[in-house]
1. How big is the stretch 287-348 along each principal axis, measuring the range of its Cα positions in Å and listing the largest first?
2. How far apart, in nanometres, would the label points at Ile289 and Ile210 be if each is projected 7 angstrom from Cα along the Cα-to-Cβ direction?
3. Membrane-span-like helices in the chain: DSSP H runs reaching 30 Å or more (Cα, own axis), mean Kyte hydropathy at least 0.5?
4. Taking Rh as the Kirkwood radius computed over C-alpha pairs, what is the Stokes-Einstein D of the stretch 259-404 at 10 °C in a medium of viscosity 1.306 mPa s, expressed in µm² per second?
5. On a straight-distance basis, which lysines could pair with Lys283 in a cross-link, Cα separation under 30 angstrom, same-chain partners fewer than 8 positions away excluded?
6. Using only the alpha carbon atoms of the stretch 209-310, find the Kirkwood hydrodynamic radius as the inverse mean reciprocal pair distance, in angstroms to one decimal.
7. In nm, to one decimal, how far is the modelled label at Ala181 from the one at Ser97, with both set 7 Å along Cα→Cβ?
8. Considering only Phe156, Ser90, Leu44, whose Cα is most displaced toward the positive end of the charge dipole of the stretch 27-173, charges sitting on Cβ of Lys, Arg (+1) and Asp, Glu (-1)?
Amino acid sequence: MIRKLRLKFTASALASVLITLVLLMGAINIYNYRTIAHNADQILYILKENHGVFPDLDDPFGTMHKPDDYSKETRFESRYFMVEMDTDGSILMTNTSKIQAIGIAQVIRYAQKVYSSDEQSGYVNNYRYLQYHDGSTTCLLFLDCNRSLHNFYNFFITSIVVSLIGFILVAILIILLSSRAVKPLVESYEKQKRFITDAGHEIKTPLSTIQADLTVLEMDGLQNEWTDDIKYQTKRLSKLTNDLIYLSKMEETPVDEMLEFPLSDVVSETAASFEARAITENKTVQTDIEKNITYKGDQAKIEQLVTILLDNACKYSNPNGKILLSLHRKSKGIQLMVYNTCDSIDKENINHFFDRFYRQDASHNSQTGGYGIGLSIAQAIVQAHKGKIVATTSDEKSLEIDVTL
C-alpha cells in the first residue's frame, strides 16, 4: 500500500513537472521562432515599400517604414536578393548585389519554387521570402536568416538538454523526498488500520458476552421477540466486525500462499451451495463453467470471492430474479462473471459499488442485512491477485460484475 502510494505520488509529480517543462520550453521556442519571422518580415516590408533598398535614416519619408529596432547597421547586416518575374513565370531581373553566399542558378531555382507555390511569405531553406505584385510584375524578396535560424536551433537544442537535465534532477529529488511527502498519509492510513483492528477486537469481547448471556436466558426459558432481535443484531454486528478486521488484514498481507488449484471445481461447488437458498427465495441460479480451468492463487480467498459475489447477487436480485455465473478462459486471462436481475440500479453510481459502506438503497440493505462492505472485500481479493473487477449495467435493470484473473 505504501509503495503504491509513493509510486502514485512520484508519477503525478513527475508528470506535472514534465508537462510544465514541455509547455514552458515550447512557449519560449515558439515565441523565438515567431520573433525571427516577424523581424524578417518587417525588413522585407521595408525593402518592398522602398523598391528593394533600405531607406536613409535621415529621410523623413523613409522613417515611416522602419521598425523600432532599425539602425544604420541594419542595411549592412541584412543579406538579401530580389527577383522580378512576368505573368508566365519568366525571369525579368535578378539583383544579388547585397549577397555573396548564393549563385544566380540557385537564385532562379528559389524564385521559381516560390512563384509556383503562390504563397505570399514563408521560408525556402534559410531564406525568408516575400512575394508581391507590382502591376503585371511579380516581385520576390529573399532575406538571409541563416544566422538567426542557426542561433534559434542552437537555443532549441540547448533548451531540450537543459530541460532533460533539470527533469532528471527534479525526478531524483522527488523520488528521494516521496517517502517524506506521503508520510502524513501513511501515518493516517496506519492509524486507521490500527483503529479498525483494535476496535474490532474490543467489540468482539462484549459481543461474545452478549451472545453468551442470550444463550443462558434462552436456556432459562426467557426467549421472546426481544431476545431474538438482540441475537439477530449481535450476529450482524459480529459479521461486520469480522469483515472489517479481515479487510484490514487483507491490505497488510493480501494472500497467504499462491498455489495452483482446480478453479472450475471450486466455482462449481460454491455455486451449488447457493442453489437451495435460491430455490427458497424463488430465484434461479444458472451456471456456465468451463471445465478443467486451473489457477495459481489463494484458494480460500478465491472461494470467498465467489461466495461474496453470489451472496450479493442473491441479496439484491428482484423477486423471481435470475442469477447467472460463468467462468471461461480468455486471451487476457480467466474471466469470472456474476449477473443478476434487479428492480432498478443507478448507472451513475455504479462505480461506487466497491467503496466501503456504500449503500444505494439503505432500506433494502437493512432488510438484507448488508453493510456495503462485501464488494470492498471482493475488490481487495481481486487486487491481491493482480486482477481487475468492474461492475456494469446495460439497462439499469440488471447488474453484471466481471472479474479478470
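Just so it is clear, none of the values below were taken in a lab; they were calculated from the coordinates. Note that this is a predicted model, so its numbers are computed, not measured. Here the Cβ is made from the backbone with ideal geometry for all residues, glycine too, and neighbour counts use every protein chain on show.
1. Per principal axis, max minus min of the Cα coordinates gives 36, 25, 24 Å.
2. 3.7
3. 2-49, 146-181
4. Result for D is 103 µm²/s.
5. Lys231, Lys235, Lys239, Lys291, Lys301, Lys315, Lys322, Lys330, Lys347, Lys388, Lys397
6. 16.9
7. Computed distance between label sites Ala181 and Ser97 equals 6.5 nm.
8. Going by the charge dipole, the pick is Phe156.
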